[in-house]
Amino acid sequence: MSKKLLSIFVLTIFVLATVLAGCSSSKNNTSSANETNTQKQETAKPVTIKLGMWSSSPAEKKIVDDQIAKFKEKYPNIDVQIETIVGDYMQKLQTELASNTAPDIFYLDSMPAPQLMSSGVLEPLDDYIKKYNVDVNDFEPALLSAFQWEGKTYGLPKDFNTLALFYNKDMFKAAGINEPPKTWEELRDVAKKLTKDGVKGLVLSADLARFDAFINQNGGSVYQDGKVTLNLPENAQALDFYVGLITKDKVADTPQNMGEGWNGDAFAAKKAAMAIEGGWMIPFLKEKAPDLNYGIAELPAGKQKSTMAFTVAYVMNKNSKHKDEAFKLIEFLTGKEGQQFVVDSGLALPSRKSMQEGFKEKYPERAAFVDGASYAVPWQFGLYGTKVVDAANKACEALIMKQISSAQQALDNAQKEVGQ
């Protein structure tokens, strides 16, 4: 073979080897890229999360719809379907939990929360909180503690409300009262001045959800360390003061005795100059008495300041098949981005402390609700829940109707009724 032919042969072999190597490399790169794309597709595989909520106002439904729309922008692979549970929410929810058809996440009120937390149907959130670096210290302690059981956290609060004192500014001005009462004694004195011409100074309901604030203000408590403590002396003193405004001082009355359904009706109808209620009164008064000139102040204090915290959390179904995605939804709904929708709506208070100053700036007239959060007590009585409420309400009603004269005796009877 000539040198020229040999050179051509060697060059040809080199070119073929290069082409083959290139094809092999291209094939490997394509295969690697396909594997990566497959992994991404598996990661972004569409997932459906069901969110359970009770039937509520159009305003609350809009908040959730808007939150979910924003969530979808952040997590386009997670589809969220709302399941509105109509009727007896807890009864239907428990039926769904028993039949393994409950939503992945759902509303849970603080009062029945212990029942579900103790029954093993909820997923503890602590590992997810740690995994996704959720700042739980930003939640009001009274709110978060309502969804903690035996050292574990089962829910993150979505919003809340506290109690405050609503007062009729025009009636205050006519009576020469310059500012709302700040103590129990001032409350009684102001109520006396306002009680005239068929109007009571204050409307009070025979409801533990209202007079429990007075019990806590007096240093009492109806539930401590897992035990019902309805008949503490401090509780009896507080109830005696509360009921005494009706029966002894004659400066207050129940809405039923005023011919009304609840405190809000009596206040809106100007049958009472003051009422103790939560933020839900604001949209009610806007509709029922749009021209009513009123103010909102913190509850008058006894031995200390106290109010009630009514809150709802998002919790996770222990049988959810998509727990990480479910928690991402909980994290968003209760995080700053999701809570901004709560602030903007004004329907309830944001559960995160870092969002509350913004709420007060937007709604300065509602500052009393926010300011009460730091000393609020959660509306919850362990596994005794409604038993405590029913027994306490009966005790209060018996005192108002003068079926019994001693607050201590009434609460002793209530304690026995609960079975402790």
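The values are calculated or read from the model by the stated rules, or taken from the named source; none is laboratory data. Nothing here was measured: the structure is a model prediction, and the numbers come from that model. Please note: Cβ atoms are built from the backbone with ideal geometry, for glycine as well, and neighbour counts cover all protein chains shown. Remember, those area values only see protein heavy atoms, side chains included, never the ligands or the DNA or RNA. Shrake-Rupley method; radii C 1.70, N 1.55, O 1.52, S 1.80 Å.
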| Breaking point among (1) more than 21 Å from Glu298 (Cβ to Cβ); (2) touching a residue at least 40 places away in the same chain (Cβ under 8 Å), for Leu143 | (1)
| task | Out of the residues in the stretch 230-257 that are acidic (Asp, Glu) and in contact (Cβ under 8 Å) with a residue 24 or more places away in the chain, state the one that is surrounded by the fewest Cβ atoms within 10 Å (Cβ to Cβ). | result | Asp249
| Selection within the stretch 258-304 - farther than 12 Å from Asn168 by Cα, part of a loop (DSSP other than H, G, I, E, B) and open to solvent by 20 Å² or more (accessible area, probe 1.4 Å) | Met258, Gly259, Glu260, Gly261, Trp262, Trp280, Pro290, Glu298, Gly302, Lys303, Gln304
| note | When (1) over 30 Å from Met117 (Cβ atoms); (2) open to solvent by less than 10 Å² (accessible area, probe 1.4 Å) are applied to Gly155, the one that fails is (1)
| query | Being modelled with pLDDT of 95 or more, open to solvent by 50 Å² or more (accessible area, probe 1.4 Å) and not in a helix (DSSP H, G or I), is that true of even one residue in the stretch 65-74? | reply | no
| within 26 Å of Asp225 (Cα to Cα) and not hydroxyl-bearing (Ser, Thr, Tyr) - does that describe any residue in the stretch 172-194? | no
| query | What's the number of the condition Ile246 fails, among (1) touching a strand residue (DSSP E or B) at 6+ places or on another chain (Cβ under 6 Å); (2) within 23 Å of Ala368 (Cβ to Cβ); (3) of a type outside the set (Ser, Thr, Tyr); (4) in a helix (DSSP H, G or I)? | reply | (2)
| query | Residue check, Thr307 against (1) crowded, with 19+ Cβ neighbours inside 10 Å; (2) under 24 Å from Glu73 (Cβ atoms); (3) of a type in the set (Ser, Thr, Tyr), all met but one. Which one? | reply | (2)
| task | State which residue is farthest from Ala268 (Cα to Cα) when the search covers only the stretch 189-224 and only residues that are open to solvent by 50 Å² or more (accessible area, probe 1.4 Å) and assigned to a helix (DSSP H, G or I). | result | Asp189
| field | Selected residue (criterion: nearest to Glu96 (Cα to Cα)) from residues of the stretch 313-356 that are among the hydroxyl-bearing types (Ser, Thr, Tyr) and out of contact with any strand residue (DSSP E or B) (no Cβ under 9 Å at 6 or more places or on another chain) | value | Ser345
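Yes or no, residue by residue, for (1) of a type in the set (Gly, Ala, Ser); (2) part of a helix (DSSP H, G or I); (3) open to solvent by 20 Å² or more (accessible area, probe 1.4 Å):
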residue: Thr95; (1), (2), (3): no, yes, yes
residue: Leu108; (1), (2), (3): no, no, no
residue: Met111; (1), (2), (3): no, no, yes
residue: Leu116; (1), (2), (3): no, yes, no
residue: Tyr128; (1), (2), (3): no, yes, yes
residue: Asn137; (1), (2), (3): no, yes, yes
| request: Find all pairs meeting these conditions: Cβ atoms under 9 angstrom apart; at least six residues apart or on different chains; first residue within the stretch 286-312 and under 18 Å from Asn263 (Cβ atoms); second residue in a loop (DSSP other than H, G, I, E, B) and open to solvent by 90 Å² or more (accessible area, probe 1.4 Å). | output: Ala289/Lys270; Leu292/Lys270; Ala297/Glu179; Ala297/Lys182; Glu298/Lys182; Glu298/Lys305; Leu299/Lys305; Pro300/Lys182
| query | From the set of residues in the stretch 389-407 that are buried (at least 16 other Cβ atoms within 10 Å of the Cβ) and closer than 14 Å to Leu232 by Cα, which is nearest to the chain's Cα centre (by Cα)? | reply | Ala392
| Selected residue [among the hydrophobic types (A, V, I, L, M, F, W, C), over 24 Å from Leu245 (Cα atoms) and either in contact with a Leu (Cβ under 6 Å, 6 or more places away or on another chain) or open to solvent by 50 Å² or more (accessible area, probe 1.4 Å) (or both)] from Leu383, Leu411 | Leu383
| said: Condition first: open to solvent by 60 Å² or more (accessible area, probe 1.4 Å) and modelled with pLDDT of 50 or more. Can you find one or more residues in the stretch 34-45 that meet it? | reply: yes
| Any idea which residue in the stretch 46-64 is nearest to the chain's Cα centre (by Cα), counting only those that are in contact (Cβ under 8 Å) with a residue 60 or more places away in the chain, buried (at least 18 other Cβ atoms within 10 Å of the Cβ) and not in a helix (DSSP H, G or I)? | Leu51
